[in-house]
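Below is one structure, written out as structure tokens; comments come after it.
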Amino acid sequence: MIDRRTFGLALGGGLAGLALASCGRKEPAARWRLGFSQVTTTEPWRVLFSREMRDAAAKHPDLQLTIADGQDRTEKQVSDVEAFVRQKVDLILISPKESAGLTGAVEAASAAGIPVMVLDRGVETQAYRQFIGSDNLKIGRMAGAYAVDLLGGKGKAQGKIVEIWGGMASTPAQERHKGFAEAIDAEPGVARVVDRQDADWKQDRAYNIMSSALKAHPKIDLVYAHNDPMAYGAYLAAKDAGRQTEMKFLGIDGIPTEGAKWVKDGALTATFVYEPPGAEAIEQALRILKGETVPKRIELGTEVVDARTVDAFLAKRA
Ligand code: FRU
């Protein structure tokens, strides 16, 4: 069989042949260009999310995916989305740092006629084609029910709780709080001694919040953190104070390299899986680009990972 290079040389020879030879190695131009504005690329959950999206996109030669790193800053994300609009990409995906702060960028992209998909964290507008994420209210309720069980069961639960928030301006933190509070506030014997402390999803900030909480409260029974890195940060603070066995730690995300591992190691009592939406987003993006009608909202599942389920969970995800 004649390859492009030989063909080019045979055909034109000289310069024309060289030109063909040099572009012979290039991929054919993709039919659709996708721009994904990812809030940050440092946290392991984000890394997994972006990797699964890249892997899914790589299976479709029609797609060319560019991922912009928002560097955990709203302003950077706004300018990343604006750049995608200027480049006239065929579809924009965004996982926003904050809901209000990224609402305008989403509206402007939609107004420019580019389909927009919002992933994991919500915005304060309906001007997008689709949202994909887990139900954070449900996850909060599951965590709340789990905490009530750990503290003695419905109607009998007793204890002091520290709640460490993810970014307060984001929908997952707001919903994870709300669902949890519904279960906890129904228990007269349970008090949240620390609440509304924003650690912005970061392990080191949670460590500091927990260190202060430990100084202020001689007895703490349970820590609920809005993600696993913060739950682990709180655990490390308790450990450094020699008090880690006094209380239980609950987190959210459940990825095999972090939360599930920390459950297996005995640091966290449980974590609630928060599925990264990257692979599903690519399947849905293709449907939108092909002109299909897609649901406005796609919900990804969740499950609890604790001492009873962690081995099966890790085997399944290996
Ligand atoms: C990563 C992360 C996850 C969390 C999600 C919420 O940036 O903080 O740990 O579950 O974002 O949007």
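The values are calculated or read from the model by the stated rules, or taken from the named source; none is laboratory data. The model shown is predicted, which means the values in this text are computed figures rather than measured ones. Glycine gets a Cβ as well: all are built from the backbone with ideal geometry, and neighbour counts include every protein chain shown. For the accessible areas, the whole protein counts, side chains as well, though only heavy atoms, and no ligand, DNA or RNA atoms are used. Shrake-Rupley method; radii C 1.70, N 1.55, O 1.52, S 1.80 Å.
Which of the residues spanning the stretch 239-257 are under 17 Å from LYS160 (Cα atoms) and buried (at least 24 other Cβ atoms within 10 Å of the Cβ)?
Those that are under 17 Å from LYS160 (Cα atoms) and buried (at least 24 other Cβ atoms within 10 Å of the Cβ): PHE249, LEU250, GLY251.
Inside the stretch 162-176, can you point out the residues that are of a type in the set (S, T, N, Q) and near the ligand (Cβ under 10 Å from one of its atoms)?
SER170, THR171
Rundown of residues vs (1) surrounded by fewer than 22 Cβ atoms within 10 Å (Cβ to Cβ); (2) over 25 Å from ALA260 (Cα atoms), yes/no style:
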| position | (1), (2) |
| --- | --- |
| ARG196 | yes, yes |
| ASP204 | yes, no |
| HIS217 | yes, yes |
| ILE220 | no, no |
| HIS226 | no, no |
| MET230 | no, no |
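Taking ALA238 as meeting all but one of (1) under 26 Å from LYS154 (Cα atoms); (2) in contact (Cβ under 8 Å) with a residue 24 or more places away in the chain, write down the number of the exception.
(1)
Out of everything in the stretch 96-142 that is open to solvent by 20 Å² or more (accessible area, probe 1.4 Å) and of a type in the set (D, E, K, R), what residue ends up being farthest from the chain's Cα centre (by Cα)?
Once the filter is applied, the top-ranked residue is GLU107.
If we only count strands (runs of 3 or more DSSP E) wholly inside the stretch 169-274, which ones have 1 or more residues that are among the hydrophobic types (A, V, I, L, M, F, W, C) and at pLDDT below 95?
Ranges flagged: 190-198.
Could we say that ALA260 is within 19 Å of ALA231 (Cβ to Cβ), touching a Ser or Thr at 6+ places or on another chain (Cβ under 9 Å), surrounded by fewer than 17 Cβ atoms within 10 Å (Cβ to Cβ) and touching a residue at least 12 places away in the same chain (Cβ under 8 Å) here?
So ALA260 does not fit the description; no.
Would you please list the contacts, defined by Cβ atoms under 8 Å and residues six or more apart or on different chains, that run from a residue in the stretch 188-204 that is within 16 Å of the ligand (Cβ to nearest atom) to a residue that is at pLDDT below 95 and not hydrophobic (A, V, I, L, M, F, W, C)?
Partner pairs satisfying both residue conditions: TRP201/GLU43.
Restricting the search to the stretch 1-39, which residues are modelled with pLDDT of 50 or more and in a loop (DSSP other than H, G, I, E, B)?
ARG25, LYS26, GLU27, PRO28, ALA29, ALA30, ARG31, VAL39
Looking only at the stretch 299-315, count every residue that is part of a helix (DSSP H, G or I) and either aromatic (Phe, Trp, Tyr) or surrounded by 10 or more Cβ atoms within 10 Å (Cβ to Cβ) (or both) and tell me the total.
So the answer is 5.
Output the qualifying pairs, or none if there are none: Cβ atoms under 6 angstrom, residues six or more apart or on different chains, first residue in the stretch 209-235 and over 11 Å from VAL162 (Cα atoms) and more than 15 Å from the ligand (Cβ to nearest atom), second residue open to solvent by less than 30 Å² (accessible area, probe 1.4 Å) and outside any helix (DSSP H, G or I).
TYR235/PHE249; TYR235/ALA267
Of everything in the stretch 39-58, what is surrounded by fewer than 19 Cβ atoms within 10 Å (Cβ to Cβ), away from the ligand (no atom under 16 Å from the Cβ) and touching a residue at least 12 places away in the same chain (Cβ under 8 Å)? Give them in sequence order.
ARG54, ASP55
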